[in-house]
Amino acid sequence: MTELIYIFMIMAILMGMICMFVIARDVIADGKERREKRNIQNAVAEAQPMKEKEPIVTAVKPPVLEELASTTTNDDSAVVFSTATKTLDEKYLELSATYKGYYDEIVKCAMAVEGSKRIKNANYEEYKVGMSRLVRLKIKRGIVVCELVISNLTFKTYVNDNKVAMKQAPASIKVVDEASCAAVKDSIGIAVKAIAEEKEYKKEQAKLRRKEKRA
């Protein structure tokens, strides 16, 4: 029995020595590996040339050019740039007396329509009846331009009944003479009739729906 105890103690001592040997070997190997990596990194860092720091360039925005009301120069090749966008009122003031007259005639025609309302901003002046446009006036390059949307009741009813997505593009008329001015005013009259017809059609449809409900 005593011999078995001695044998067990000897085996435990041997196992402890083996474990210590393995641990010591791993520690030595890890230290050696770390030293090799450190030496490689130092060698690479010394081999790379030092780069000079590039100066940081900050973009400087040029100052906004002020719009010049008038420019006098003896050099015909000189070019003056303007970054300002003129408003509708400013463009109107620059129109000739004839073109101002055309503009005013169209505005009076649109304002005379019963129930018309005016919408004006820096880009255009517009007159509508309900949600329907009568005319939209713009000034482009010194010329009055009128945009009109005249819907065809039959076609519009067909589109609505068939649930087709559609947006009608406006027709543009450049008002440069009496004929084009008259054409715009006549178009406003046509648009008024189309709006009245559509309004009457909607009333009739509403009556039919009420009759169908009562039936």
Inset, instruction - Specify the residue that is farthest from the chain's Cα centre (by Cα); the eligible residues are those in the range 170-215 that are at pLDDT 90 or above and open to solvent by 80 Å² or more (accessible area, probe 1.4 Å). - result: 178
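Residue-by-condition table, conditions (1) open to solvent by 70 Å² or more (accessible area, probe 1.4 Å); (2) at pLDDT 50 or above; (3) basic (Lys, Arg):
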position: 67; (1), (2), (3): yes, no, no
position: 74; (1), (2), (3): yes, no, no
position: 85; (1), (2), (3): yes, yes, no
position: 89; (1), (2), (3): yes, yes, no
position: 95; (1), (2), (3): no, yes, no
position: 102; (1), (2), (3): no, yes, no
Legend entry - Of all residues in the range 85-130 being hydroxyl-bearing (Ser, Thr, Tyr) and touching a Phe, Trp or Tyr at 6+ places or on another chain (Cβ under 7 Å), the one that is nearest to residue 177 (Cα to Cα): 103
Inset, instruction - Consider residue 140 carefully, then state whether it is under 26 Å from the mean Cα position of the chain (by Cα) and within 19 Å of residue 171 (Cα to Cα). - result: yes
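The values are calculated or read from the model by the stated rules, or taken from the named source; none is laboratory data. Not measured: the values here are computed from a predicted model. Neighbour counts run over all protein chains shown; Cβ positions are idealised from the backbone, glycine included. The area values use the complete protein model at the heavy-atom level, side chains included, leaving out ligands, DNA and RNA. Shrake-Rupley method; radii C 1.70, N 1.55, O 1.52, S 1.80 Å.
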